[in-house]
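For reference, the structure discussed in these notes is given below.
Readers should treat all values here as calculations from the given coordinates under stated rules, not as data from a laboratory. Just so it is clear, the structure is predicted and the values come from calculations on it, not from any experiment. Cβ placement follows ideal geometry from the backbone for every residue including glycine, while neighbour counts extend to all protein chains displayed.
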């Protein structure tokens, strides 16, 4: 079993969340902050040896005040965020233990992740070196011009929407970030792709949503109630049903 460090970026501006009291990773969800819902999915795993949450300078004082007890009890490390997401992940990479095999990056605002999907993407990354969760695009995709008029209908046959976790061999991810040109990217797999290295797609689930607006919180609360659970006493009897893929 490969050992894993998990990075949770939580340093974004949350511009589309529109809440004067909270940024989306710190908003309450099912009795705890969104980022804690995400973190706990990894902290309960035997293969996860380290978890680093990335927080912006402007949020750090409030974050420490609210979550000091959680950080201490859960043995979470906190890293300084950067201007762009790639800057934040790069800062966290400098804190990753040299003893781990894999590094997983998971959006702090993506709390509806299930053990079975984590298992699958971790296993694929251990086997292939790089793997991400993603969902095949099912909607018809339109390319639209500046005048809001359709320019073309895009063939969706080979299109997949990337999710997280995105998981990589530690040395590969460090190499990818070392070679980064400085151009911001929206996911870490893009940097590995630039190196010409293959990235394996592992089918995720439409339930693995990323919270962007306040309405997403209501949806996430309901999803948490029906997520696949590990088999065993109290486990969800539908844990392996295609309904939850």
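Kindly provide the helix-only [θ] at 222 nm of the chain, computed as the sum of -39,500 (n - 2.57) over DSSP H runs of four or more divided by all residues, to the nearest 500 deg cm²/dmol?
-10000 deg cm²/dmol
Taking the chain as a Gaussian network, Cα atoms linked when under 10 Å apart, which of 101, 87, 119 shows the biggest mean-square fluctuation?
It is 119.
Considering only DSSP beta bridges with both partners in the chain, what is the antiparallel share in %, to the nearest 5?
45
Using only the alpha-carbon atoms, what does the chain span along each of its principal axes? Please give whole angstrom values in decreasing order.
53, 44, 43
When ranked by the protection proxy of mean other Cβ atoms within 10 Å per residue, highest first, what sequence do the peptides 214-220, 91-97, 59-65, 187-193 form?
Going from most to least packed, we get 187-193, 91-97, 214-220, 59-65.
Direction-averaged shadow area of the convex hull around the Cα atoms of region 1-132, nm²?
Across all orientations, region 1-132 yields a mean hull projection of 8.1 nm².
At a threshold of 8 angstrom on Cα-Cα distance, excluding pairs fewer than six apart, so keeping six or more, what relative contact order does the chain reach in percent?
This gives 22 percent for the chain.
What list do you get for 71, 223, 52 if you sort them by fewest beta carbons within 10 Å?
By the 10 Å Cβ count, ascending: 71, 223, 52.
Among 117, 35, 160, rank each residue by its count of other Cβ atoms within 10 Å, from fewest to most, as a rough exposure measure.
The most exposed by this proxy come first: 160, 117, 35.
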